[in-house]
1. Would you list, by chain and number, the lysines whose Cα falls below 24 Å from the Cα of Lys75, excluding same-chain residues fewer than 8 positions away?
2. Where a Cα-Cα gap under 20 Å defines reach, which lysines qualify for Lys247, not counting those fewer than 8 residues away within the same chain?
3. Name the shape class, rounded, prolate or oblate, that the alpha-carbon gyration tensor gives for segment 110-242, where a ≥ b ≥ c are the square roots of its eigenvalues, rounded holds for a/c under 1.5, and otherwise prolate holds if a/b is larger than b/c and oblate otherwise.
4. Give the order of His95, His70, His288 when sorted by the count of other beta carbons within 10 angstrom, beginning with the fewest.
5. Classify segment 3-72: rounded, prolate or oblate, from the alpha-carbon gyration tensor (a ≥ b ≥ c, eigenvalue square roots; a/c under 1.5 rounded; otherwise prolate if a/b is larger than b/c)?
6. With a ≥ b ≥ c taken as the square roots of the eigenvalues of the C-alpha gyration tensor of the chain, please select rounded if a/c is under 1.5 and otherwise prolate if a/b is larger than b/c or oblate if it is not?
7. So what is the calculated 222 nm ellipticity per residue for the chain, using -39500 (n - 2.57) for each DSSP H run with n of 4 or more, over all residues, to the nearest 500 deg cm²/dmol?
8. Gaussian network model of the chain, Cα springs within a sub-10 Å range: biggest mean-square fluctuation belongs to which of Phe67, Phe237, Phe252?
Amino acid sequence: MPAPARAPLREASIAGLTLKHRGKVRDLFEVGDALLLVATDRVSAFDVILDDLLPDKGEVLTRISEFWFHRFESKVRHHLLTTDVRRMPAPLPQHPELAGRAMLGKKVKPLLAELVVRGYLVGSGWADYQKTGSVCGIKLPPGLKEASKLPEPLFTPSTKAPKGQHDENISYEQLCRIIGADKAQKSRDLVMSMYLEATKYAESRGIILADTKIELGEDAQGLLVIDELFTPDSSRFWAAEKWQPGKSPPSFDKQIIRDALVAMGFNKQPPAPRLSAEVLQRATAAYHEIFERLTGQKFSSLAG
């Protein structure tokens, strides 16, 4: 595993800019009529932000998102203006430490829902299926195993919970009531088509895109993709060669951290226990590997 090229970033602080929000991972700043999204190296598990930082995580998330935004931009509108700090308004060019981990994006109105697509029976979907034979109220055939490929991808929206709270699954009908029937249909069609296209590309790279969460916003021209896209924080990626129905394969994301916390008896309430250097190294290696397998590029930090 390559050594991290810079010290992990817990919080971004930029003199002269107004901090709009600190999320689980990203710090958002007002930049005129745009937003600056800085992906830190914070890591959360079970909706608890850990004291430990994951080196290079923020840069991997930003650069994978940029890869996907560019791949889809001929078909799908998105919020990204630039990731090149040198091309951003003052005082940002004087902050080379943000290189690779900052996105300047359009300021738009976010939809009040998370848009989730599931292609495989895993995680909370598997737990739901075991109890009810359904996933988020959608009936499935009997006899499916953990990590089975679903007959067809499922659209399972959820609420967008504040930091520290849990998103709640909602039905398509509830989504229609929240954002309107027309907007709900357009949102569903958009994220389903994006998931199917991303799945085909990932398969060509030996990767299974098991599920994903996409966020949309809207402006005067309609819907557009915001935040991040098909990253290991918003999606579940598996190595195709390790997949087999009946057990959940290892994923290229913070599942390594979740598993370590569960093994330590973590009760999913803050504060979380500290993680070993070995666990953090394995998680960082997973983020590096999914970047390289998806983009075909060797990971090397852009930090100066």
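Each value in this text was obtained by applying a stated rule to the coordinates, not by laboratory testing. This structure is a prediction, so every number in the text was calculated from the model and none was measured. For neighbour counting, all protein chains shown are included, and Cβ atoms are generated from backbone atoms with ideal geometry for every residue, glycine included.
1. Within the straight-line cut-off, Lys75 pairs with Lys106, Lys107, Lys109, Lys183, Lys186, Lys200, Lys213.
2. Straight-line reach from Lys247, under 20 Å: Lys131, Lys145, Lys149.
3. Values: a/c = 1.76, a/b = 1.26, b/c = 1.40.
Taking the square roots of the gyration eigenvalues as a ≥ b ≥ c, segment 110-242 is oblate.
4. Details: His95 18, His70 11, His288 21.
If I rank by nearby Cβ atoms, fewest first, I get His70, His95, His288.
5. Working: a/c = 1.56, a/b = 1.13, b/c = 1.38.
Verdict is oblate for segment 3-72.
6. Numbers: a/c = 1.55, a/b = 1.20, b/c = 1.30.
Because a/c hits 1.5 or more and a/b fails to exceed b/c, the chain counts as oblate.
7. Working: 6 runs with 85 residues, N = 304.
About -9000 deg cm²/dmol.
8. Looking only at Phe67, Phe237, Phe252, the largest GNM fluctuation is found for Phe67.
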